[in-house]
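Enquirer: One structure, pasted below without further comment.
The values are calculated or read from the model by the stated rules, or taken from the named source; none is laboratory data. In this text, all values refer to a predicted model and were calculated from it rather than measured experimentally. No Cβ is skipped: glycine too gets one built from the backbone with ideal geometry, and neighbour counts run over all protein chains shown. Note: accessible area is taken over every heavy atom of the protein model, side chains too, but ligands, DNA and RNA are not part of it. Shrake-Rupley method; radii C 1.70, N 1.55, O 1.52, S 1.80 Å.
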Amino acid sequence: MWTIPIVLLVVLLVAPTPVQPATDEYFTAAVFEFVQLYDYCPETQEQADEIVRRNLNSYKAAAELAAAQGADLIAFPEYGIFPECSREITKMFLEIVPDPSAVREAPCDFPEKYQNMPQLYTLSCMAKNHSMYVQANTGDLMMCEETKITQCPKDGRLQLNTNVVFDREGAVVTRYHKEHLWGEEGMDMAVEKQNPIFKTDFGTFATFVCFDVVLARIIEVIEEPEVDGVVFSTMWENSAPLFTSVQYFQSWAMGNNASLIAADIQLPGQLAVGSGIFHAKEGALVYTYDPDGISKLLVARVPRRGHKLKEPKASITAITHDGTYKWSHDGDDVPYETVHSAHYHLKDDLHHNRYHETDLVNYTLVQLTSPRDRLTTCNNGMCCTLDYSIENLNETFYFAVYNGTQGSFPPLFWCEEDCMLVRCDPRNDKPCSNFPLLTKNVFHHLSLRANYSTPFVYPSVVSNRMRLVPRRQWEWGVDRKHGYYESFLNFHSEKGQDILAVGLKGRCYKRDPPASFF
């Protein structure tokens, strides 16, 4: 049984940390990319309790540091408090999350009621003591008779991957059950579509989990006129060349004209690394992508609706057992390429970087053969034009176009219209199937232009070690034409830039296979 320690009760008597509140022009957001401690599935309840206690202690340290930097909101990653396990073991970690539509309740105010629910209690007190919004991913336990479900699991309960949002007073304001699971044998699908929107004193946001950000449901929500952005917890599975965490997060924020505050777990051997705070116009305000086994707190000012960014005041702080320090040289630990291993777990999941490699077998591929050229190619009715200039072309680059159903993550399938230039090498008898994260070739000019059936086009430009090329070096847009949309991306640098991938990823949500999704 978990009980509230006396030391913690003493801490709770201390006055809340004074912070500079959000202004009319901006609010301050924080995300914690966490290297989960004790990432193993326990055998006993005592072991499960210890895993939760130690991970929550890391959360408290991050929240205290964020509060000292004036954070109005902090987001924590998916599966940060406890690991992904089997159904029976996962039950050891679950708590009963109050329904904010039925009751307004701050678990921190009810220590006796929540004495055996340390996650909700600790997170609520964290929000209350620091007077900031807290979003954390946890697990909700519901008995089937309490729901509208018609087909109940044999054990009579639902185990739900859940984002919980607490307000500045520690009250639960949103309980969101993940609507699109990815594996997760310990969890059940959400019973119904939910309202993921929550209001703050600095804007209105939606909360989502991992794969939810890829699918059409999130578009329905963010198109609501009052929604300013998304706060997002994830254990993202990176996939080259256009679906790697920070690359996709930035492109999604820009393509949907909404802020995205994204907290990822760091477990690179399991394909997960990369977090940040992304703005609709400015792109990345702060981000990290470094498979180094070090937890990091990212903080930045985010412009509020109708205001331009003046100064992000961005920072990254490393948080270790030995203390904290200012983080620099992000990306130094990114290796040349992914670890090609069929094993689910690697010997060192914290330091071996691994990512999916998209199968381009159905793409139209044109290899670059000259240092300067203009190329046009089509795939299934979609045409794209590439214009570029490059120094000393001595590595393999391909111009790739695709229009169809993406099948990289079965049983989830969705429609994409892709136009991209990518650095790749041959592998397994395929000309473009290995995507390295380092190149020596330098581009001075590069432009893409393509016709799309959808207005949802996500732009990205990435360089060595998955660095996001600064927005001042490129521009993009989507123009509505008669019966289609035309999107363009223009990159120009007199100095030159080593480029790994430049892409325009169109998401044709209306053509998604209906059987794939909630």
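Enquirer: Taking the residues in the stretch 154-200 that are open to solvent by 10 Å² or more (accessible area, probe 1.4 Å) and among the polar types (S, T, N, Q) as candidates, determine which candidate is modelled with the highest pLDDT.
Expert: My answer is Thr200.
Enquirer: List every residue pair whose Cβ atoms sit under 6 Å apart, with the two residues 6 or more apart in sequence or on different chains, where the first one lies in the stretch 228-241 and is farther than 15 Å from Val462 by Cβ and in contact (Cβ under 8 Å) with a residue 60 or more places away in the chain and the second, anywhere, is surrounded by fewer than 24 Cβ atoms within 10 Å (Cβ to Cβ) and basic (Lys, Arg).
Expert: Cβ pairs passing all conditions: Asp228/Arg305.
Enquirer: Here is a follow-up. Give me a count of the residues in the stretch 280-291 that are among the charged types (D, E, K, R) and open to solvent by 10 Å² or more (accessible area, probe 1.4 Å).
Expert: 2
Enquirer: How many of the residues making up the stretch 449-466 are open to solvent by less than 50 Å² (accessible area, probe 1.4 Å), within 26 Å of the chain's Cα centre (by Cα) and either more than 21 Å from Tyr289 (Cβ to Cβ) or of a type outside the set (S, T, N, Q) (or both)?
Expert: Matching residues across the stretch 449-466 total 9.
Enquirer: Take the residues in the stretch 126-153 that are hydrophobic (A, V, I, L, M, F, W, C), open to solvent by 10 Å² or more (accessible area, probe 1.4 Å) and outside any helix (DSSP H, G or I), then tell me which one is modelled with the highest pLDDT.
Expert: Leu141
Enquirer: Could you count how many residues in the stretch 365-401 are in contact (Cβ under 8 Å) with a residue 40 or more places away in the chain, out of contact with any Cys (no Cβ under 8 Å at 6 or more places or on another chain) and farther than 23 Å from Ser493 by Cα?
Expert: Residues that pass the stated criteria total 1.
Enquirer: Taking into account only those residues within the stretch 297-313 that are within 21 Å of Ala63 (Cα to Cα) and either open to solvent by 50 Å² or more (accessible area, probe 1.4 Å) or among the aromatic types (Phe, Trp, Tyr) (or both), which is modelled with the lowest pLDDT?
Expert: Among residues in the stretch 297-313 that are within 21 Å of Ala63 (Cα to Cα) and either open to solvent by 50 Å² or more (accessible area, probe 1.4 Å) or among the aromatic types (Phe, Trp, Tyr) (or both), the one modelled with the lowest pLDDT is Lys313.
Enquirer: Hey, another quick one. So if I check each of Ile294, Ile261, Ile277, Ile265, which one is open to solvent by 10 Å² or more (accessible area, probe 1.4 Å) and of a type in the set (Val, Ile, Thr)?
Expert: Being open to solvent by 10 Å² or more (accessible area, probe 1.4 Å) and of a type in the set (Val, Ile, Thr) holds for just one of Ile294, Ile261, Ile277, Ile265, which is Ile294.
Enquirer: Which members of the stretch 100-114 meet the condition of being assigned to a loop (DSSP other than H, G, I, E, B) and either under 20 Å from Thr162 (Cα atoms) or of a type in the set (A, V, I, L, M, F, W, C) (or both)?
Expert: Answer for the stretch 100-114, where residues must be assigned to a loop (DSSP other than H, G, I, E, B) and either under 20 Å from Thr162 (Cα atoms) or of a type in the set (A, V, I, L, M, F, W, C) (or both): Pro100, Ser101, Ala102, Val103, Arg104, Glu105, Ala106, Phe110, Tyr114.
Enquirer: Take the stretch 165-196 and flag every residue that is in a strand (DSSP E or B) and touching a Ser or Thr at 6+ places or on another chain (Cβ under 6 Å).
Expert: Passing the criteria: Val165, Phe166, Thr174, Tyr176, His177.
Enquirer: Continuing with this model, one more query. Are there any pairs with C-beta distances below 7 angstrom linking a residue in the stretch 456-476 that is closer than 10 Å to Leu437 by Cα and assigned to a helix (DSSP H, G or I) to a residue that is of a type in the set (S, T, N, Q) and open to solvent by less than 40 Å² (accessible area, probe 1.4 Å), with the two at least 6 apart or on different chains, and if so which?
Expert: Asn464/Thr439; Met466/Thr244; Met466/Gln247
Enquirer: Can you find even one residue in the stretch 197-213 that is among the aromatic types (Phe, Trp, Tyr), farther than 30 Å from Pro410 by Cα and part of a strand (DSSP E or B)?
Expert: Yes, the conditions are met somewhere in the stretch 197-213.
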